[in-house]
Amino acid sequence: MAATDSALGSAVGALTALGDLVIPVALRAVCDLELPDRLADGPRTVEELAEATSTHPPSLLRLMRALATREVFTEVAPERFALGPLGEFLRSDHRISLGDAYSLIGPDLLAWAHADHAIATGASAFEHVHGKPYYDFLVDDADFLARFNRSVEAQNRVMLRPLLAAYDFASCETVLDVAGGTGMFLAGLLAQVRPLQGILFDLPPVIAHAPAVLERFGVADRCQVVAGDFFTAVPPGADTYVLKTVLHDWDDDRARAILGAVRQAMRPDSRVLVLEALLPPGDAFHMGKLLDMNSLVLVAGPDREEHDLVELLSGAGLGCRRVIHTTTLGIIEAGLA
């Protein structure tokens with residue numbers, strides 16, 4: 001009986017951790033309040049933190065105690081907290097700071113509350129709730145766009161490391177990042193690979209903050225910023241075109257249109273690097289399996305495996321040269337067929 005009770009307790013604990021809404025939302029709340037930065041110099045009382053964040057002290061205490069159970073904080077004395085081991089990664093000065101990856105983005109949370117719609121229909125829960133597609137909403141709401149950009153920047157810090165280790169970017173001359181957002185990925189790449197040149201390409205509202213990102217990385221002199229629409233045309237002449245987590249947002253027809261625009265821009269010796277989550281078979285954890293579900297709920301992005309992407313490239317007149325797997329995104333290298 002004792003063994004059975006122990007197994008039951010373990011199962012309940014594991015399922016509680018999986019199904020709990022408290023910790024994910026609480027984590028986003030403390031990131032928005034910048035509590036990890038406020039504890040960077042050492043422990044502080046809840047009263048001090050509440051005054052600094054204009055919050056209700058008893059409620060802030062409840063929030064921090066909940067996250068202390070998950071090693072984000074530690075209560076070193078009654079109502080006095082320090083950063084826990086995981087909280088250190090949320091500091092803005094950490095080399096792979098993840099704080100901005102966990103912002104309390106209301107429109108996204110509302111969409112997730114209607115995930116059942118996406119599961120039942122295959123259509124975007126976000127569009128179902130908000131009445132417009134994700135990226136249309138994005139460019140129409142300045143606060144949402146700013147939070148989205150910061151989140152993508154934080155994710156890119158994690159994704160870039162294994163990609164740099166897996167692919168010889170030093171063999172490239174000019175990398176054009178298609179739909180590269182504020183330029184965090186490209187800036188990080190240029191900072192690591194000299195004298196590589198870059199071209200950042202995205203919609204005007206999206207790239208508005210890119211110059212500041214490029215300056216912060218010290219690569220503004222090696223990167224052009226070009227505004228445009230990838231369904232219409234992509235700047236010509238680069239030897240390397242990067243599509244990082246772009247195709248999973250679009251159905252096959254529109255994905256082929258994007259690839260067609262890239263193909264039109266390519267030189268005979270140009271290459272395309274498609275960076276997508278290549279889902280491995282079986283039950284093993286892979287970040288791509290989470291990204292895939294997020295894509296379903298927010299944009300109804302299609303579930304594509306490696307062979308689907310290779311076929312998509314072929315349909316756009318691009319031939320796959322090789323596929324490289326990493327712990328985050330896979331790399332499919334293609335050239336003119």
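Does any residue of the stretch 17-24 turn out to be surrounded by 10 or more Cβ atoms within 10 Å (Cβ to Cβ), in contact with a strand residue (DSSP E or B) (Cβ under 9 Å, 6 or more places away or on another chain), of a type in the set (A, V, I, L, M) and touching a residue at least 24 places away in the same chain (Cβ under 8 Å)?
Within the stretch 17-24, none of the residues are surrounded by 10 or more Cβ atoms within 10 Å (Cβ to Cβ), in contact with a strand residue (DSSP E or B) (Cβ under 9 Å, 6 or more places away or on another chain), of a type in the set (A, V, I, L, M) and touching a residue at least 24 places away in the same chain (Cβ under 8 Å).
Could you check, for the stretch 65-84, whether at least one of its residues is under 30 Å from Leu138 (Cβ atoms), touching a residue at least 24 places away in the same chain (Cβ under 8 Å), assigned to a helix (DSSP H, G or I) and in contact with a Cys (Cβ under 8 Å, 6 or more places away or on another chain)?
No - not one qualifying residue is present in the stretch 65-84.
Can you say whether Val72 is touching a Leu at 6+ places or on another chain (Cβ under 9 Å), open to solvent by less than 20 Å² (accessible area, probe 1.4 Å), under 21 Å from Phe144 (Cα atoms) and modelled with pLDDT of 95 or more, as far as the supplied structure shows?
no
Looking at (1) modelled with pLDDT under 90; (2) within 22 Å of Leu35 (Cβ to Cβ); (3) not hydrophobic (A, V, I, L, M, F, W, C), can you tell me which one Asp108 breaks?
Of the numbered conditions (1) modelled with pLDDT under 90; (2) within 22 Å of Leu35 (Cβ to Cβ); (3) not hydrophobic (A, V, I, L, M, F, W, C), the odd one out for Asp108 is (1).
Going through Leu275, Leu290, Leu279, Leu296 one at a time, which residue ends up being in contact with a Gly (Cβ under 9 Å, 6 or more places away or on another chain), among the aliphatic types (A, V, I, L, M) and part of a helix (DSSP H, G or I)?
Leu296
For the stretch 38-58, enumerate the residues that are of a type outside the set (Val, Ile, Thr) and either open to solvent by less than 60 Å² (accessible area, probe 1.4 Å) or touching a residue at least 60 places away in the same chain (Cβ under 8 Å) (or both).
Leu39, Ala40, Gly42, Pro43, Leu49, Ala50, Ala52, Pro57
Spot the failing condition for Gly301; the list is (1) more than 30 Å from Asp108 (Cβ to Cβ); (2) open to solvent by less than 20 Å² (accessible area, probe 1.4 Å); (3) of a type outside the set (A, V, I, L, M); (4) out of contact with any Leu (no Cβ under 8 Å at 6 or more places or on another chain), and only one is missed.
(1)
Restricting to the stretch 75-89, name every residue that is open to solvent by 40 Å² or more (accessible area, probe 1.4 Å) and either modelled with pLDDT under 95 or of a type in the set (A, V, I, L, M, F, W, C) (or both).
Of everything in the stretch 75-89, those that are open to solvent by 40 Å² or more (accessible area, probe 1.4 Å) and either modelled with pLDDT under 95 or of a type in the set (A, V, I, L, M, F, W, C) (or both) turn out to be Val76, Leu86, Phe89.
Just the residues that are open to solvent by less than 60 Å² (accessible area, probe 1.4 Å) and touching a Leu at 6+ places or on another chain (Cβ under 9 Å), please, taken from the stretch 304-314.
Within the stretch 304-314, Arg304, Leu309, Leu312, Leu313 qualify.
Can you work out which of the residues in the stretch 280-295 that are within 19 Å of the chain's Cα centre (by Cα) and open to solvent by 40 Å² or more (accessible area, probe 1.4 Å) is farthest from Leu109 (Cα to Cα)?
Here the answer is Phe285.
Name the pairs: first residue in the stretch 318-337 and under 20 Å from Met266 (Cα atoms), second residue in a loop (DSSP other than H, G, I, E, B) and among the polar types (S, T, N, Q), Cβ to Cβ under 8 Å, at least 6 apart or on different chains?
From residues that are under 20 Å from Met266 (Cα atoms), the pairs are Gly335/Ser270; Leu336/Ser270.
Against the definition (over 16 Å from the mean Cα position of the chain (by Cα), of a type in the set (Asp, Glu) and farther than 25 Å from Arg157 by Cα), how does Asp303 come out, yes or no?
No: the conditions fail for Asp303.
Out of everything in the stretch 1-51 that is assigned to a helix (DSSP H, G or I) and among the hydroxyl-bearing types (Ser, Thr, Tyr), what residue ends up being farthest from Met64 (Cα to Cα)?
Thr4
If a residue has to be touching a Lys or Arg at 6+ places or on another chain (Cβ under 8 Å) and under 23 Å from Ser124 (Cβ atoms) to count, how many in the stretch 225-279 make the cut?
Final tally of qualifying residues: 7.
Go through the residues of the stretch 26-33 one by one and say whether even a single one is touching a residue at least 24 places away in the same chain (Cβ under 8 Å), out of contact with any Leu (no Cβ under 9 Å at 6 or more places or on another chain) and not charged (D, E, K, R).
no
Looking at the stretch 121-220, what helices (runs of 4 or more DSSP H) fall wholly within it and have at least 2 residues that are touching a helix residue (DSSP H, G or I) at 6+ places or on another chain (Cβ under 8 Å) and open to solvent by less than 50 Å² (accessible area, probe 1.4 Å)?
Hits in the stretch 121-220: 125-130, 134-140, 142-166, 184-192, 210-216.
Would you be able to tell me the number of residues in the stretch 92-120 that are open to solvent by 40 Å² or more (accessible area, probe 1.4 Å) and part of a helix (DSSP H, G or I)?
Looking only at that region, the number is 9.
The values are calculated or read from the model by the stated rules, or taken from the named source; none is laboratory data. This is a predicted model, so every value here is computed, not measured. Methodologically, a virtual Cβ is constructed for each residue, glycine included, from the backbone with ideal geometry; neighbour enumeration extends over all protein chains shown. All accessible areas refer to the heavy atoms of the entire protein, side chains included, with ligands and DNA or RNA removed. Shrake-Rupley method; radii C 1.70, N 1.55, O 1.52, S 1.80 Å.
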